[in-house]
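Notes follow the structure.
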Amino acid sequence: MQYAIELFYDKETEKQIYDLVQKIADAGLSTKFLDFNTRPHLTLACFNDVDELKCKELLNIFASAHQTLPAYIGSVGMFTDTKVIFLSPIMTKSMYQFQSELHECMIDFDTTGWEWYCPERWVPHCTVALTGEDADDAFYKASELILHEFKKLSGKYTSIGLVKVTFPVEEIYTVNLSE
């Protein structure tokens with residue numbers, strides 16, 4: 001089974017991002033992100049398998065030692081090979097450190113094959129459209145829609161959670177970061 005650890009936004013920021021996702025669906029371009037039944041997030045790490053109980057314990061320890069972080073989303077990006085459209089956070093040294101410390105905490109879990117989520121190679125992004133299985137022009141039309149609709153966002157990252165990468169995504173455990 002594949003798992004991910006995700007960083008979640010405060011409710012207002014989450015709603016603003018979700019509204020963009022909904023506009024893509026309402027325009028009839030793509031519903032795949034909605035079909036996954038996940039919420040807006042930054043993926044911090046992916047694992048081939050985890051001991052869920054141990055991971056929950058480690059997340060509690062990690063979250064109690066880390067405070068909420070500012071979330072600044074400043075641009076739109078794309079993975080053209082998979083036709084994914086995403087929002088790009090403005091990264092800070094503390095964000096990279098946060099992700100690196102999480103990997104140190106979860107060292108016992110297998111990240112083989114997930115190199116783009118490992119420290120030094122992380123590509124932080126918040127997906128808003130997964131158009132790879134949609135009509136050929138959906139990627140371009142959804143990109144144009146997002147480019148017209150997107151406004152810079154600022155909020156907070158308030159919680160961290162373990163999810164099972166299934167269809168739909170199963171949120172197993174979420175814990176708030178310290179205030």
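The values are calculated or read from the model by the stated rules, or taken from the named source; none is laboratory data. What you see is a predicted model; the values in this text were computed from it and never measured. Using ideal geometry, Cβ is built from the backbone for each residue, glycine included, and neighbour counts are taken over all protein chains shown.
Which of the following residues is without any contact (Cβ under 8 Å) to a residue 60 or more places away in the chain and of a type outside the set (Asp, Glu): MET78, MET95, MET106?
Of MET78, MET95, MET106, the one residue that is without any contact (Cβ under 8 Å) to a residue 60 or more places away in the chain and of a type outside the set (Asp, Glu) is MET95.
Quick one: count up the residues across the stretch 147-173 that are modelled with pLDDT of 95 or more, closer than 20 Å to SER30 by Cα and out of contact with any Lys or Arg (no Cβ under 8 Å at 6 or more places or on another chain).
Result for the stretch 147-173: 3.
Looking only at the stretch 114-149, filter to residues that are in a loop (DSSP other than H, G, I, E, B) and among the β-branched types (Val, Ile, Thr); which one of those is surrounded by the fewest Cβ atoms within 10 Å (Cβ to Cβ)?
Checking each candidate, the answer is VAL123.
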